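The values are calculated or read from the model by the stated rules, or taken from the named source; none is laboratory data. In this text, all values refer to a predicted model and were calculated from it rather than measured experimentally. Quick reminder, even Gly has a Cβ in these numbers, built from the backbone with ideal geometry, and neighbours come from all protein chains shown. Heavy atoms of the whole protein, side chains included, go into the accessibility calculation; ligands, DNA and RNA do not. Shrake-Rupley method; radii C 1.70, N 1.55, O 1.52, S 1.80 Å.
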Amino acid sequence: MPSDVAAIVLAAGSGRRMGGTNKALLPLAGQPLLAHCLAAFQQAPCVGQIVVVMNDMDLDALQKEWNCTPQDLGADVVVAGGAERWQSSQAGCLAADASLDFLLVHDAARALVDSKTIEAVAQACRESGAALAAEPLADTLKKETAGGRVAETISRDHLWRAQTPQGARREDLLKALEQAQGNPTDESSLLEAIGVHPLLVPSPSHNFKITRPADLALADALLAAQKTIS
Ligand code: CTP
Ligand code: MG
């Protein structure tokens, strides 16, 4: 399979729900969190280029706290992000090598992504133009009344939890970003708005987003368990 994908790794957030620290810099199994997903993208044969989106202040902190740069961890290009996630995504997509046919955008905060999932999303992009990693919902869903009681149970049939990577043909994702309205929180919603409906690619639950301190502890425990097993 060709290396026809530019991977855009978003690491320009401020981690408010984590207590106000960029999550990419946090320690996870003895490494900066950013190192984990970069290793998975480096192992995926579809990836021809890795663009990391990270702001100067955090690049300085990475150097100071970990004595490394994103390039040391596998990045080919580093660009600054924007105020909102979609703006960081746009900055990364615009910086990608134009000779690569597909753009795959990934949240650095999904540190436990694996190369198999990355390959599967890339292949789905080749076959259907756009795709995203996602997980079918496992929980029963409740809609609430104004008083906080259950109004009704919602069927979880056909409902999925969106993850990343998410991507599309280069020209489609650039067009979707160019026409962005409001504050879209993923690439799929941008693509849907221009009439491109990405394919859902089943992805493991360990590809969850590290959002709060408990998520970081869970990721650490999963990595420690993996080490014991292998
Ligand atoms: N992100 C980004 N640029 C932004 C906002 C988010 O690159 N302006 C990145 C984050 O670094 C993260 C991913 O998008 O890897 C998913 O966002 P989220 O989990 O919401 O991270 P933060 O925005 O940093 O966290 P919070 O919303 O709690 O502040
Ligand atoms: Mg955020």
Exactly one of Gly15, Gly81 is at positive phi and at pLDDT 95 or above, and that residue is Gly15
Going residue by residue through the range 28-37, is there one that turns out to be outside any strand (DSSP E or B), in contact with a Gly (Cβ under 6 Å, 6 or more places away or on another chain) and either surrounded by 15 or more Cβ atoms within 10 Å (Cβ to Cβ) or among the acidic types (Asp, Glu) (or both)?
no
Given the criteria more than 13 Å from ligand 2 (Cβ to nearest atom) and more than 24 Å from Ala134 (Cα to Cα), does Gly20 qualify?
no
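With Leu222, Leu218, Leu200 as the choices, which residue is assigned to a strand (DSSP E or B) and open to solvent by 30 Å² or more (accessible area, probe 1.4 Å)? Don't jump to the end; show me each part of the working.
Values: Leu222 fails: assigned to a strand (DSSP E or B); Leu218 fails: assigned to a strand (DSSP E or B).
None of the others qualify; the one that does is Leu200.
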Within the range 112-158, which residues are in contact (Cβ under 8 Å) with a residue 40 or more places away in the chain and at positive phi?
Gly129
Before we move on, is Gln42 in a helix (DSSP H, G or I) and either in contact (Cβ under 8 Å) with a residue 60 or more places away in the chain or away from ligand 1 (no atom under 14 Å from the Cβ) (or both)?
yes
For the range 81-107, which positions are open to solvent by 30 Å² or more (accessible area, probe 1.4 Å) and within 14 Å of ligand 2 (Cβ to nearest atom)?
Ala83, Glu84, Arg85, Trp86, Gln87
In the range 137-189, which residues are assigned to a loop (DSSP other than H, G, I, E, B), out of contact with any Asp or Glu (no Cβ under 8 Å at 6 or more places or on another chain), open to solvent by 50 Å² or more (accessible area, probe 1.4 Å) and charged (D, E, K, R)?
Asp139, Arg149, Asp157
Mind listing just one residue for me: the one in the range 15-31 that is of a type in the set (Lys, Arg) and touching a residue at least 12 places away in the same chain (Cβ under 8 Å) and, of those, farthest from ligand 1 (Cβ to nearest atom)?
Lys23
